[in-house]
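Read-outs throughout are calculated quantities, based only on the coordinates presented, and are distinct from any laboratory measurement. A quick note: this is a predicted structure, and the numbers were derived from the prediction, not measured. A quick note on method: Cβ atoms are made from the backbone with ideal geometry, for glycine too, and the neighbour counts reach across all protein chains shown.
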Amino acid sequence: MLRSSMRNVLWLGFFAAILVSWWSLYSMSTGMGLDLIGRPGPVAEAMRSMDPRMDMDMPMASFGPVFAMWAVMMAAMMLPTMVPALRSYDDLIASANGTRAGWLGLLLGYLLVWILFAAVIAGLQLVLLFAGMVDMLGIAKSRFFAAGLLIGVGVFQFTRAKELCHGVCHSPMTYFLTRWRTGFGGGVRMGLGLGVFCAGCCWGFMALGFAGGVMSLLWMGLATFFMVLEKLPQIGHLIMKPLGGALAAAGIIVIAYPVFVGG
């Protein structure tokens, strides 16, 4: 009974963290004057027009706020994709020598990788901002840059690197059986490894935020949806390449029909 109660508490806490993260993103997005699909209102338009070199004190021109935003985004978008891995580890608690401490360690290690990724992509956003390639809201200023991202990420879906990383994310039980470690420390080590493979698999979906705006709830929702689909055992391997083709086609359309991206 105690073990069952602990399991329920951990899973409830996990899903509560996802809900809180999404609510935080919604609050940040609406607070910046954006609607649900990332279209800026008057306040957000004023932010977009600001030159970061003239407004160094603006939150979106400083590493701390941008990193915090990306860290919350990583929690909201990547925690749902970890459900298959956590469920697989849950099964091993009953059939092997997994523990609840190991379950928590697995989650912590995975989050640490994505927090590091948040720091890297926050730095990249500032580089792009000061280079004049994106605006204060992280929206591409050139349709060619946005199209290049779409085409690049689409092509990546066909690469061997994507296939290898996706294979681990798609089959976490195989990963555990070949890299099994016990206890909390072992869970952290496996979580770090799983997080690295997951980052290698999903980095492109994060980079696509610069195509339409990193605070677009539409982009965040779609990216999360497709990343979850890719990790489903039954269909994940079937949608990877069609999705890549769709992204590349979208990039070509953006070049030919500059409706959503200016420049």
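Note on the chain: helix-only mean residue ellipticity at 222 nm, from DSSP H runs of 4+ residues weighted -39500 (n - 2.57) and normalised by residue number, equals -24500 deg cm²/dmol. Here r is the Cβ-Cβ distance between ARG189 and LEU218 and R0 is 45 Å; the resulting FRET efficiency, rounded to 0.05, is 0.80. A Gaussian network model of the chain, with springs between Cα atoms under 10 Å, assigns the largest mean-square fluctuation among LEU25, LEU137, LEU92 to LEU92. To the nearest 10 degrees, how steep is helix 100-130 against the longest Cα principal axis of the chain, on a 0 to 90 scale? Between helix and principal axis, roughly 10 degrees. Remark: the chain carries a charge dipole of roughly 720 debye about the Cα centre, counting +1 on each Lys and Arg Cβ and -1 on each Asp and Glu Cβ. Taking every alpha-carbon pair under 8 Å whose residues sit at least 6 apart, the chain reaches a relative contact order of 27 percent.
Any chance you could run the full-extension gain for LEU12 through PHE225? It's 0.36 nm times the residue separation minus the Cα-Cα distance, nm to one decimal.
Details: separation 213, 0.36 × 213 = 76.68 nm, distance 2.07 nm.
Between LEU12 and PHE225, full extension yields 74.6 nm more.
Between SER5 and ASP91, the C-beta separation translates, for a Förster distance of 22 Å, into a calculated FRET efficiency of about 0.75. Once amide H atoms are placed 1.01 Å from N in the peptide plane, what residues at a sequence separation of 5 or more from VAL134, or on another chain, have their amide H within under 5 Å of its amide H? So VAL134 has HN proximity to LEU129, LYS141. Within the straight-line cut-off of under 21 Å between alpha carbons, the lysines reachable from LYS162 are LYS231, LYS241, sequence neighbours fewer than 8 places apart in one chain being disregarded. Between ALA256 and PHE130, the modelled labels are 3.9 nm apart [label points 7 Å from Cα along Cα→Cβ].
A Förster distance of 22 Å, applied to the separation of the beta-carbon atoms of ALA249 and VAL120, puts the FRET efficiency at 0.20. Evaluating 6.51 cos²θ - 1.76 cosθ + 1.60 at θ = phi - 60° for every residue in the stretch 208-220, the Karplus couplings come out as 5, x, 6, 6, x, x, 6, 9, 7, 5, 5, 4, 4 Hz, glycine and proline recorded as x. On full extension, the segment bounded by TRP23 and MET173 gains 50.9 nm, given 0.36 nm per residue less the C-alpha separation. For the chain, a Kirkwood radius taken over Cα pairs fed into Stokes-Einstein (10 °C, viscosity 1.306 mPa s) yields D = 82 µm²/s.
Restriction of the trypsin sites (Lys or Arg not before Pro) in the stretch 72-169 to DSSP coil positions whose beta-carbon has at most 10 other beta-carbons within 10 angstrom yields no sites.
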